[in-house]
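Please read the structure below before turning to the comments.
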Amino acid sequence: MNQPVHYTPIEFSDRIALFFTKGMRFFADTFFKKRYGHRAVVLETVAGVPGMVAGMWTHLTSLRSMKAGYGPKIRTLLAEAENERMHLMTFIEIAKPNIFERYLVLIAQAIFWNFFFIVYVFFPRTAHRIVGYFEEEAVYSYTEYLKEIDEGRIANVPAPKIAIDYWKLESNATLRDVVIAVRNDEAHHRDTNHQFASDYDQKS
């Protein structure tokens, strides 16, 4: 589950979602290169948006339709948003972003929130597929991050306390343990969002 897995595009919207994700990946690779900790700070800020937007909209959909049955999806999406927030809080402790990267976080979040909100309202299937592909790339990036640690190019520093408390790691846990825990989370989000997207096919 924690290894790279790719969902092969079927619908045209799947291809659009994948193309968009690859474009974002190109930007991240060009800007951050091997600075995985700093990459995580910016990208986890963006990653915390979809679950909150989708959870909020699903909540409002339930209110408007006056129908039950949305609860499990709402709770899953909001839990995903909180999980991504904790990823960000953890990597802020590790990477210590500078002022430029902090402003970049604000700009990226503002742009992506509005973009994703529009996509989710009108094309929820595509929105979930985008997140699924985002998470595929996240698993790949954290796998590369892990490789850099294992090969000694990135120091395997002690895990910050916030990570130890959140994932209930051993008191002597290291960055490697944190990356593995985060990668497992991203793999779960990948599978969940691809399934949410596929659920729309079953409803049609």
Seminar exercise, completed: Flagged in the range 145-190 as closer than 16 Å to Arg129 by Cα and in contact with a helix residue (DSSP H, G or I) (Cβ under 8 Å, 6 or more places away or on another chain), in numbering order, are Glu186, Ala187, His189, Arg190
For this session: Quickly run through the range 135-157 and pick out the residues that are of a type outside the set (Phe, Trp, Tyr), open to solvent by 30 Å² or more (accessible area, probe 1.4 Å) and within 17 Å of the chain's Cα centre (by Cα).
Result: Thr143, Glu144
Exercise. Could you count how many residues in the range 66-80 are surrounded by 11 or more Cβ atoms within 10 Å (Cβ to Cβ) and without any contact (Cβ under 8 Å) to a residue 24 or more places away in the chain?
Worked result: 4
Problem set entry | Near pairs, Cβ below 7 angstrom, 6+ apart or cross-chain, from the range 140-158 (outside any helix (DSSP H, G or I)) to any residue that is open to solvent by 40 Å² or more (accessible area, probe 1.4 Å) | Asn156/Arg176
For this session: Output the residues belonging to the range 171-201 that are open to solvent by less than 10 Å² (accessible area, probe 1.4 Å), farther than 23 Å from Lys147 by Cα and under 12 Å from the mean Cα position of the chain (by Cα).
Result: Asn193
For this session: Only one of these is open to solvent by 10 Å² or more (accessible area, probe 1.4 Å), part of a helix (DSSP H, G or I), closer than 23 Å to Thr126 by Cβ and modelled with pLDDT under 95: Met24, Met56. Name it.
Result: Met24
Exercise. Out of (1) within 27 Å of Pro9 (Cα to Cα); (2) aliphatic (A, V, I, L, M); (3) under 19 Å from the mean Cα position of the chain (by Cα), what's the single condition that is false for Val121?
Worked result: (3)
Seminar exercise, completed: Within the range 90-108, the count of residues that are open to solvent by 70 Å² or more (accessible area, probe 1.4 Å) and of a type in the set (S, T, N, Q) comes to 1
For this session: Output the number of residues of the range 68-106 satisfying the condition of being assigned to a helix (DSSP H, G or I) and within 13 Å of Val41 (Cα to Cα).
Result: 20
Problem set entry | Residue check for Arg129: buried (at least 21 other Cβ atoms within 10 Å of the Cβ) and either in a helix (DSSP H, G or I) or of a type in the set (Lys, Arg) (or both) | yes
Seminar exercise, completed: Flagged pairs (Cβ under 7 angstrom, 6 or more apart or on separate chains; first in the range 81-99, more than 21 Å from Asn156 (Cα to Cα) and of a type in the set (A, V, I, L, M, F, W, C); second open to solvent by 40 Å² or more (accessible area, probe 1.4 Å) and in a helix (DSSP H, G or I)) are Ala81/Met52
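The values are calculated or read from the model by the stated rules, or taken from the named source; none is laboratory data. What you are looking at is a predicted structure, and each value in this text was computed from that prediction instead of being measured. Quick reminder, even Gly has a Cβ in these numbers, built from the backbone with ideal geometry, and neighbours come from all protein chains shown. All accessible areas refer to the heavy atoms of the entire protein, side chains included, with ligands and DNA or RNA removed. Shrake-Rupley method; radii C 1.70, N 1.55, O 1.52, S 1.80 Å.
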